[in-house]
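Colleague: One structure follows; several queries about it will come next.
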Amino acid sequence: MTHRAIKGKSGNGSDRSDFSQLAQVYDDLRPQTESWWALFDELVRLGDLRGQRVLEVGCGTGTLAAALAERELAKVWAIDREPAMVEQAQARLPGGARARVAECEALPFKDAWFDRAVMRLVVHHLDRPRAFAEVKRVLTPEGRVVIATIDAPTVADTWFNVFFPSALTHDEDRFAPAEVLEEELREAGFARAESTVFVQEERFPREQALAKLRGRFVSSLEVVPDDELAEGIARAERELPDVLVRPLHWRLVVGVTAREGLTK
Ligand SMILES: C[S@@+](CC[C@H](N)C(=O)[O-])C[C@H]1O[C@@H](n2cnc3c(N)ncnc32)[C@H](O)[C@@H]1O
């Protein structure tokens, strides 16, 4: 792991990444691999999602919400602020589960409406104090939120950021360290918050990696100027091996509304 200063900001919602274009190609560039399912299983376990009323916040194309609903693991609602994402999610969700356009900072649900909330790869986009307070508001007194994000000290090690200095600076600004996320959850009214690291191995062919870069597959690449992108891709073409194998460090954070009960 590369050790760099962690800058992770308070999460003031200044990140306004645009997912309208990415929505059409999101699932091709970020498919549901074996690793995706392994993380899914871990979120179901840590979030205690089985048999609950679950809200997925920032659902994107709805893969996680659909996996929960299709396997009848939970009764599912999903929101995302990007209409093009919600359109994809709604098309994918089985009957009974619903996706709608909404901001996490102003959830269109009654107080205490959900048992659980799940947030995968979304907290770096949010005005976190407002968003966490909203998530707390819509959870029952025995509620729980489970968050999956990239572990902040490792953003410099993600296989793509090494090629794009602007993307790295952007990610260092918006991915908050675990202790900040935990503290923000407590400040938002969660009784307890804990986190753990979940390490996976990313493995995909070089051509797939290059297609991801060319498609600006993560919002970090949105801020990269065209000339820096071209230069970074040229470097990636020279340096990437036939099969890319890299560790990916997830940070999984759980917040509970009741005083007792973290079962991690
Ligand atoms: C990186 S994608 C992750 C999508 C999905 N959770 C996944 O894991 O594939 C981030 C998603 O968060 C959504 N998002 C960003 N800010 C949001 C906000 N303030 N309220 C609701 N959704 C938001 C974006 O529109 C986008 O679909």
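The values are calculated or read from the model by the stated rules, or taken from the named source; none is laboratory data. Just so we're clear, the structure is a prediction, and the values are computed from it rather than from any experiment. For neighbour counting, all protein chains shown are included, and Cβ atoms are generated from backbone atoms with ideal geometry for every residue, glycine included.
Colleague: Can you spot a residue in the range 184-192 that is among the acidic types (D, E) and buried (at least 17 other Cβ atoms within 10 Å of the Cβ)?
Modeller: yes
Colleague: Of the residues in the range 117-145, how many are more than 15 Å from the ligand (Cβ to nearest atom) and either without any contact (Cβ under 8 Å) to a residue 12 or more places away in the chain or part of a strand (DSSP E or B) (or both)?
Modeller: Result for the range 117-145: 6.
Colleague: Within the range 213-251, take every residue that is in a loop (DSSP other than H, G, I, E, B) and either among the small types (G, A, S) or at pLDDT 95 or above (or both) and give me the one that is nearest to the chain's Cα centre (by Cα).
Modeller: It comes out as G215.
Colleague: Of all residues in the range 74-92, which are more than 11 Å from the ligand (Cβ to nearest atom) and either within 17 Å of R120 (Cα to Cα) or part of a strand (DSSP E or B) (or both)?
Modeller: Matches in the range 74-92: A74, K75, V76, W77.
Colleague: Return the residues of the range 18-41 that are outside any loop (DSSP other than H, G, I, E, B), buried (at least 16 other Cβ atoms within 10 Å of the Cβ) and in contact with a Phe, Trp or Tyr (Cβ under 9 Å, 6 or more places away or on another chain); say none if nothing qualifies.
Modeller: Once the filter is applied, which keeps residues that are outside any loop (DSSP other than H, G, I, E, B), buried (at least 16 other Cβ atoms within 10 Å of the Cβ) and in contact with a Phe, Trp or Tyr (Cβ under 9 Å, 6 or more places away or on another chain), the range 18-41 yields L22, Y26, L29, L39.
Colleague: Looking at the range 49-73, which of the residues that are out of contact with any strand residue (DSSP E or B) (no Cβ under 6 Å at 6 or more places or on another chain) and of a type in the set (D, E) is nearest to the ligand (Cβ to nearest atom)?
Modeller: Out of the qualifying residues, it is E70.
Colleague: Then there's this: Return the total of residues in the range 209-251 being surrounded by fewer than 16 Cβ atoms within 10 Å (Cβ to Cβ) and either out of contact with any Lys or Arg (no Cβ under 9 Å at 6 or more places or on another chain) or on the phi > 0 side of the Ramachandran plot (or both).
Modeller: 13
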